Amino acid sequence: QVQLVESGGGLVQPGGSLRLSCAASGSIFSTYVGYWYRQAPGKQRELVASITNGGYTNYADSVKGRFTISRDNAKNTMYLQMNSLKPEDTAVYYCRAVRFTSGYWGQGTQVTVSS
């Protein structure tokens, strides 16, 4: 079992930056594939970025070139660096860890981009 706790959300102006963290405990995080999802009000949860345990990354077209997913397996932590933020990035951001048929979610952290 894995427990995931996100942090780093908040209010930021358009064009600003935030770094989200996802701290994992309870298992060896390095063996899991990591994901960041987001859900805006009235919309479905969508995949933002993913990173394999080997470090291969993938991004949604809407965030390519602006967001960077990374992981520090020694710290059991995954990150999402978000630059050039736009109002449409406003959402609750969730991290997820998956290994074989087991998947775990964090509780989410709110990101609001507004002037």
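The values are calculated or read from the model by the stated rules, or taken from the named source; none is laboratory data. Note that the structure is predicted; figures quoted are calculated from it, not measured. Note that we place each Cβ from the backbone using ideal geometry, even for glycine, and neighbour counts take in every protein chain shown. Ligands, DNA and RNA are excluded from the accessible area calculation, which covers all protein heavy atoms including side chains. Shrake-Rupley method; radii C 1.70, N 1.55, O 1.52, S 1.80 Å.
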Exactly which trypsin sites (Lys or Arg not before Pro) in segment 1-110 are in a DSSP loop and have at most 11 other Cβ atoms within 10 Å? Lys43, Lys64
Long-range share for segment 74-115, i.e. C-alpha pairs more than 14 Å apart as a percent of all pairs, stands at 60 percent
Given a 1.4 Å probe, the accessible area of the chain per residue, as a whole number of Å², is 52 Å²
So between Gln39 and Arg99, what do we pick up on full extension, going 0.36 nm a residue minus the alpha carbon distance? 19.3 nm
How about segment 5-88: which chymotrypsin sites (Phe, Trp or Tyr not before Pro) there lie in a loop by DSSP and see at most 14 other Cβ atoms within 10 Å? Tyr56
Once both label points are put 7 Å beyond Cα along the C-beta direction, the Ser7-Ser70 separation in nm becomes 1.8 nm
